[in-house]
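We did not get these values from a lab; they are worked out from the coordinates using the rules stated. What you are looking at is a predicted structure, and each value in this text was computed from that prediction instead of being measured. So basically every Cβ, Gly included, is an ideal-geometry build from the backbone, and we count neighbours across all protein chains shown.
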Amino acid sequence: MIGFPQVRCVTTNDYVEEINNAIDSHNYLSALVLSLMLPDICSKYDEKSNYNDKEKKYIKWFNKYVYRKYFNFPGKREIKKVRNKEMYKIKFTGSTCYALRNAMMHSGNPYLEYKDKNLRIKANVDYIELCVNGSSDRDMQHGGGASITRYNDETKSVSIRINVVIFAETMINGYRDFLSYIGKDNIKLFNMIDWDKVGGKIVFTPNK
């Protein structure tokens, strides 16, 4: 142990920095999981939200700051190509994102099953296709954030393809819009104590 312990306040901007660091170092799973945590954190500090239920707060936050602003909607021609129009209504809304959040952070299973008020049936997503362009920079990513929904008439299965990098950047854009809406540039979360000060710097997420 060198000297006294150092205390650092961890903020929401630190989470965003960690997401960007994960992308730059090709730790895409970390980038995805941290991105899925942003609506949880931000919705807690949304004083204008009238929901007490964590799930409802998450879904409402995502729909307001991410889904309606950044994700593409399927065109009428795409919808005409499938027979089961009801299943094709499954888009990457807040309900879908919350189901993915639960799957990735708890069960680790890409199969999603949840209730959506806009569907007459229970929404079943058979699998999530996670993709990245690992050898390319951020401007050379393909596959969309979470905008490609497919229904296979032969297997009766639904799949959603997510480009992890685009998805993470989409979440960050929504987070920045949220900060602008509440009139802040950062949110303090908790303190991190580092007992091993090396060279005068805190090893864990040091200040720049």
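Some values worked out for this structure:
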{"quantity": "Highest-first arrangement of 8-17, 93-102, where packing means the average Cβ count within 10 Å", "calculated": "93-102, 8-17"}
{"quantity": "FRET efficiency, Asp177 to Glu17 (Cβ-Cβ, R0 22 Å, nearest 0.05)", "calculated": "0.75"}
{"quantity": "Label-point gap, in nm, between Ser159 and Tyr45 - each point 7 angstrom along Cα→Cβ", "calculated": "3.8"}
{"quantity": "Computed E for Asp194/Ser107 - FRET, C-beta separation, R0 35 angstrom, nearest 0.05", "calculated": "0.60"}
